[in-house]
Amino acid sequence: MRTRILALAAIAALAGCGGSPGSVGPDEFSIVPNQPLVIPSTNALPPPRPNGTNPADPAPRSIAARAMGG
């Protein structure tokens with residue numbers, strides 16, 4: 001009984017490793033658009049702003065809507 005359970009567990013675990021031939025899977029880098037890197041003119045960082053926006057993402061809601069296909 002124990003060997004049957006172990007064999008079924010091994011088969012179930014290995015079943016997740018297989019795929020159809022030629023399938024690569026989703027490209028996770030094509031889902032979210034990459035923003036260009038910004039190099040500051042000085043090494044001084046601006047002070048953090050509580051509940052502030054990210055200066056690298058000027059319009060995060062529209063970027064998220066475009067990423068979701070909307």
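One table, with the values for the structure above:
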item	result
Pairs where the first residue, in region 59-70, is farther than 12 Å from GLN35 by Cα and the second is modelled with pLDDT under 85, C-beta under 8 Å, 6+ apart	ARG66/PRO33; ALA67/ILE31; ALA67/VAL32; ALA67/PRO33
Any hit, region 22-29, residues being exposed (fewer than 10 other Cβ atoms within 10 Å of the Cβ), modelled with pLDDT of 80 or more and charged (D, E, K, R)	no
Flag for LEU6 being at pLDDT below 80 and in a helix (DSSP H, G or I)	no
Residue within region 37-52 that is modelled with pLDDT under 80 and under 22 Å from the mean Cα position of the chain (by Cα) present	no
Scan of region 45-61 for residues that are under 17 Å from ILE31 (Cα atoms) and loosely packed, with under 10 Cβ neighbours inside 10 Å, ordered by number	ARG61
So ALA64, is it out of contact with any Leu (no Cβ under 6 Å at 6 or more places or on another chain), surrounded by 10 or more Cβ atoms within 10 Å (Cβ to Cβ) and at pLDDT 80 or above	yes
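The values are calculated or read from the model by the stated rules, or taken from the named source; none is laboratory data. Remember, it's a predicted structure, so these values are computed and weren't measured experimentally. Every residue, glycine among them, receives a Cβ derived from its backbone with ideal geometry; neighbour counts consider all protein chains shown.
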